[in-house]
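One structure is given below, encoded as structure tokens.
No value in this document is a laboratory result; all are computed from the given coordinates. Computed from a prediction, not measured in an experiment: that's the story for all the values here. No Cβ is skipped: glycine too gets one built from the backbone with ideal geometry, and neighbour counts run over all protein chains shown.
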Amino acid sequence: MDASAAAGPVSRAYVRLMAGYNGWMNGKVYDACASLSAAELHADRGAFFRSVIGTLNHLLYGDLAWFGRFKDGAPRAVQAGAIIHAEFAALRAARESLDREISAWSQSVSPAWLAAPFTYRSTIDGRERTFPAWMLVAHMFNHQTHHRGQLTTLLTQLGRDVGPTDMPFMPDAASLVVSLD
């Protein structure tokens, strides 16, 4: 069996594609949020993380937790419901910085790392779990997509349209898929 098959269904190309999609969609969501007032950002809208700012912070938390585990060996954030940045500008700067870091990391992830067992301790229930790294990387990207879907709903309710969200509409999608493993 070759190394790419051992990595399961998540290849290096998938990681690069999803890192690109993540950055593109986060940019679109943050652009749409930029026109909201502080009151609109912070208002409790009945969402799982209450507000737009709460949901944006949860997305950042999830990426800091998972990416920290992947890159540093430990989560960079540990409290799921915390407001990491209450101010939109600081939150956006942190998001953009992390997206650049995830993108750079996606260029160097190896099939062997993706195939290897990855053990982590949950920041939610404190339990230790082991899964193939590829599954946890897929979860990180799926988690992002899930909560961005919640954000696009909140933004639509606020009269904001983020535009197309499908991968084929991503400006650099063709270049990302040309470089398949």
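Here the dipole of segment 47-149 is about 120 debye; that uses its Cα centre as origin and unit charges on the Cβ of Lys and Arg (positive) and Asp and Glu (negative).
Taking the longest Cα principal axis of the chain as reference, the axis of helix 88-106 is set at about 10 degrees. With respect to the chain, whose longest principal axis is taken over its alpha-carbon atoms, helix 12-33 is tilted by about 10°. Here, P(r) means the percent of Cα pairs in each 5 Å bin from 0 to the largest distance; for segment 37-157 it is 2, 10, 19, 23, 18, 13, 8, 4, 1, 0.
Give, as a single signed number, the net charge of other residues whose beta carbon lies under 15 Å from the beta carbon of residue 95, with Lys and Arg counted +1 and Asp and Glu -1. Charge balance in the 15 Å sphere: -1. Between the Cα long axis of helix 133-157 and the first principal axis of the chain there is an angle of about 20°, rounded to the nearest 10.
State to the nearest 20 debye the size of the charge dipole of the chain about its Cα centre, where the only charges are +1 on K and R beta carbons and -1 on D and E beta carbons.
So the dipole magnitude of the chain works out to roughly 300 debye.
Given R0 = 22 Å, the distance between the Cβ atoms of residue 161 and residue 44 translates into a calculated FRET efficiency of 0.45. Over segment 18-163, Cα pairs under 8 Å with separation of 6+ residues give a relative contact order of 30 percent. Within the shell defined by Cβ-Cβ distances under 12 Å, the residues around residue 30 carry a net charge of +2, with Lys and Arg each +1 and Asp and Glu each -1. With a Förster radius of 22 Å applied to the beta-carbon distance between residue 35 and residue 103, the computed FRET efficiency rounds to 0.30.
Each peptide in 162-172, 132-142, 87-97, 54-64 receives the mean, over its residues, of other Cβ atoms within 10 Å, and ordering these scores from highest gives 54-64, 132-142, 87-97, 162-172.
Projecting the Cα atoms of 145, 114, 124 onto the charge dipole of the chain, computed from C-beta unit charges around the Cα centre, puts 124 farthest toward the positive end. Mean residue ellipticity at 222 nm, helices only, the chain: -19000 deg cm²/dmol; runs of at least 4 DSSP H residues each add -39,500 (n - 2.57), and the sum is divided by the number of residues.
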